[in-house]
Amino acid sequence: RDTTPHNTTHNTPHNIERSKETIRRIMSKTMKIILTCSSLLPALVNAWGASLSPFSVAKSTRNGPPTFAYVNKKSSLTKLNLWGEFRDIPSSPLYGKGYKMDPEERIHARGSIATIQYTAVPVEFEPDLVYDMNTTITFTLSQGNYLPAMHQLVSTMKVGETREKVIMDAGFGERQTDFVGTLPRNEMQLKDDKELKVGMVSYASTGHKCIITMVNETHFTADANPKMAGCYFYVDVTLLKIEPGPYSFPTDFILPEPTQESRYEIATFALGCFWGPELALMRLSGVVGTTVGYSQGTKKYPIYSEVAKTNTNHTEVVLVTFDPKIVTYKELVEWAMNYLGDNKYLVDQVGDDQGHHYRHGIYYHNEEQYKIAKPIVESFGPQCVTEFGPAATFWKAEGYQHKFLLKGGQSARKNDQTEIALYG
């Protein structure tokens, strides 16, 4: 993926170079640097290259990232330190101290829609507001967003039950020493390395945000730990309601037709690299769950390297679960076409991302969606090349791909208008 920060205001081809120059000028003014040296922060680069995320402290696998937790049942306070996917695993030295949930403890299936009221009091830190806090929220169990540990906790609660003073990880795990690196100053691409200062925001070649913490005559140190790594909340939560979702989510693939009765609906959109549109969709009122993956292709269980480099015919998509009482399918389709901007007239391209797996599309799940979406797509005329057709099997992307920008510290709060930066 392109490692140059760019925003979601996609450009027409003749404006792309001008936009890049604008971004470079803005970043220069704000004293942000791109650290492009391949040896920068070796542990960080190697870790993320192997699908390590700030949300976890262990490597992801083909079958998904690990879950790790510690529950002190002898105490009235419970500490949960969990990855958003919540796959139960046994204890392992690789994963740290693990806790495998007793199946009998889980009351509600993955994919259920939970409505809770909660308050979260930070324990001696000032939180970044990346979630909706201290309010009533509705979300799909095991589809990320909000405090990751909340999914595990709520899945064990009865409707009407309240848990108080739960010690809950802020969502970014413990601080990792491997995410701190010291390197020679001459490996920086700066016209004048006097610009290098403590407190400066920079980016590793992986695109991940770093803070410069030490500078001397010969070396500098960068820390890529998220700001809220190692931080905790005291959480009070009441489970107000549990409803069936259109799918149960323990599997790596989802068929086009819902597997159970639900008042909630689903939509599938291809809008280029799925990191940006997923975060944008998470911010929309009425969207209660998002999952990223690959669809419209021929190969079963595809992985990113195959989708990107071989002819599997998949495209990157976001599967959206939404409440039609709050946001309608028509509104979502109109939003998706507006998100594309002039890219709807480009073949196999959205913004700077080019390739058949970045092609844009609106994929309907039933006859009603077909009738709603078709005239919207066609209204942009024959020059519009947005693919339109029935949704095929959805294959979940690798664990590190999910909520990628949220994990990097960007806000997923409802109705947040902050510009989304696509670091990839």
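Quick rundown of the values:
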| quantity | calculated |
| --- | --- |
| The stretch 255-361: C-alpha gyration tensor shape, a/c 1.5 cut-off, then a/b vs b/c | oblate |
| Tensor-based shape of the stretch 274-424 (alpha-carbon gyration tensor, a/c under 1.5 rounded, otherwise prolate or oblate) | rounded |
| Environment charge of ILE372, counting only residues whose C-beta is closer than 15 Å and scoring Lys/Arg +1, Asp/Glu -1 | -3 |
| Rg in Å to one decimal, and Dmax rounded to a whole Å, for the stretch 196-294 via C-alpha atoms | 20.7, 65 |
| Label-point separation, PHE253 to THR418 (7 Å along Cα→Cβ), nm | 3.8 |
| Accessible area of the stretch 225-344 belonging to carbon and sulfur atoms, whole % at 1.4 Å probe | 54 |
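The values are calculated or read from the model by the stated rules, or taken from the named source; none is laboratory data. Remember, predicted model here, so these are calculated numbers, not experimental data. So basically every Cβ, Gly included, is an ideal-geometry build from the backbone, and we count neighbours across all protein chains shown. Ligands, DNA and RNA are stripped out before the accessible areas are found, and what is left, the full protein with its side chains, is counted by its heavy atoms. Shrake-Rupley method; radii C 1.70, N 1.55, O 1.52, S 1.80 Å.
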